[in-house]
Amino acid sequence: MNDELLFHELALTLLPGVGPQLTRQLMSYGGSAKNVLMMPPGKLRRIPGVGEVTVKNLTGLERETAFRKAEADLKKAEKDGVEIIFYTSKRFPNRLKQIPDAPAILYYQGTADLNAPKTVALVGTRKATEYGREQTERIIKGLLPHRPLVVSGLAYGIDIMAHRAALQEGLETVGVMATGLDRIYPHTHQKTAEKMREQGGLLTEFPFGTPPDRYNFPARNRIIAGLSDGTVVVEAAIKGAPSSPPSWP
């Protein structure tokens with residue numbers, strides 16, 4: 001990946017008010033993140049969905065702030081072994097591209113192939129019971145012949161049980177986080193996260209330093225589902241909607 005190319009792509013996603021959908025809209029008109037960031041205000045105003053606040057952010061002080069943060073984050077990513085993946089990259093997970101609100105950028109630290117031939121998500125309640133633990137372990141054992149990548153959210157309950165069961169059985173497992181990669185949440189799962197970096201990975205759309213804001217968790221969930229061939233809700237409250245595991249040949 002060209003460093004300058006990634007620098008501008010990252011900077012674009014760090015601008016306030018420029019979410020994944022607007023990023024794609026801007027890219028469709030500009031052709032590249034650098035072109036978008038260097039576009040004059042008059043031309044920006046002609047792009048559907050771009051208002052005065054966005055124009056100001058793309059051409060004023062907010063842009064300079066994004067440039068500085070992008071430079072710092074690229075240095076931190078290199079130091080920490082984090083891969084930053086823009087949605088136009090061949091490294092971006094193919095399954096995730098298919099969802100309408102796919103993230104524009106991902107931060108990834110790990111060894112697993114995000115385009116693994118088979119992937120399955122195991123999720124569920126944070127207040128898991130002994131039954132939930134037993135069923136999580138049973139499902140993981142049942143998946144062993146398929147050797148899938150196991151995806152979950154690193155949360156309390158079923159999520160962390162799924163990660164630990166996968167690690168125990170020698171399966172790669174990826175945790176999709178609602179924080180920056182430098183903010184393991186909950187902190188009590190730090191040791192498991194360290195193992196996952198070597199036998200799977202950690203993934204997020206949120207930049208370094210992002211705290212566990214409650215609004216980030218629903219956004220995180222769409223990535224878990226989007227990465228996977230199927231999502232299994234092992235145990236949940238009555239309002240949950242359980243799903244069936246994927247039918248692989």
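Just so it is clear, none of the values below were taken in a lab; they were calculated from the coordinates. Model, not experiment: these values are computed from the prediction. Cβ sites come from the backbone with ideal geometry, for glycine too, and all protein chains shown count toward neighbours.
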Subject >> Estimated distance in nm for a label pair at GLU4 and LYS141, the labels positioned 7 Å out from Cα along Cα-to-Cβ >> reply: 5.8 nm
Subject >> Sorted by Cβ neighbour density within 10 Å, fewest at the top, the residues THR136, THR125, THR65 >> reply: THR65, THR125, THR136
Subject >> Under the Karplus curve 6.51 cos²θ - 1.76 cosθ + 1.60, θ = phi - 60°, whole-Hz ³J(HN,Hα) for the stretch 173-186, x wherever Gly or Pro sits >> reply: 9, 10, x, 8, 9, 9, 9, x, 5, 8, 10, 5, 9, x
**OP:** When a/c is below 1.5 the answer is rounded, else prolate if a/b is larger than b/c, else oblate, so apply that to the stretch 100-178 with a ≥ b ≥ c taken from the square roots of the Cα gyration tensor eigenvalues.
**Re:** oblate
**OP:** Report the FRET efficiency, 1/(1 + (r/R0)^6), for THR59 and THR188, where r is their Cβ-Cβ distance and R0 is 30 Å, rounded to 0.05.
**Re:** 0.10
**OP:** Among TYR156, TYR185, rank each residue by its count of other Cβ atoms within 10 Å, from fewest to most, as a rough exposure measure.
**Re:** TYR156, TYR185
Original post:
Roughly what would the spin-label model give for SER89 and LYS43, points 7 Å off Cα along C-beta, in nm?
Top reply: 2.6 nm
Original post:
Rounded to the nearest 0.05, what FRET efficiency do GLN168 and ALA219 have when you use their Cβ-Cβ distance and R0 = 22 Å?
Top reply: 0.15
Original post:
Which of LEU144, LEU167, LEU114 moves the most in a Gaussian network model of the chain with Cα springs under 10 Å?
Top reply: LEU144
**OP:** Report the antiparallel proportion of the DSSP beta bridges in the stretch 79-227 as a percent, rounded to a multiple of 5.
**Re:** 45 percent
Original post:
From the Cα gyration tensor of the stretch 53-93, with a ≥ b ≥ c the square roots of its eigenvalues, which class applies: rounded if a/c is under 1.5, or else prolate if a/b is larger than b/c, or else oblate?
Top reply: oblate
Original post:
Given the convex hull over the Cα atoms of the stretch 109-235, what projected area results after averaging over all orientations, in nm²?
Top reply: 6.7 nm²
**OP:** Going by C-beta contacts inside 10 Å, put HIS163, HIS146, HIS8 in order with the fewest on the left.
**Re:** HIS146, HIS8, HIS163
Original post:
Considering only Cα-Cα distances, which of the following residue pairs are longer than 29 Å: LYS76/LYS97; LYS34/LYS90; LYS76/LYS191; LYS56/LYS90; LYS118/LYS191; LYS34/LYS191?
Top reply: LYS56/LYS90; LYS34/LYS191
Original post:
Mind checking which of PRO145, PRO93, PRO20 has the largest fluctuation in a GNM of the chain, springs on alpha carbons under 10 Å?
Top reply: PRO145
**OP:** Rank-order 81-89, 46-54 by packing density, defined as the average count of other C-beta atoms within 10 Å over each peptide's residues, highest first.
**Re:** 81-89, 46-54
**OP:** Tell me the label-point distance for the pair GLN21, ALA72, using the 7 Å Cα-to-Cβ offset, in nm and rounded to one decimal.
**Re:** 3.1 nm
Original post:
Among bridges DSSP assigns within the chain, what percent are antiparallel (round to 5)?
Top reply: 35 percent
Original post:
Quick one: length gained pulling SER28 to LYS195 fully straight, 0.36 nm per residue minus the C-alpha distance?
Top reply: 56.2 nm
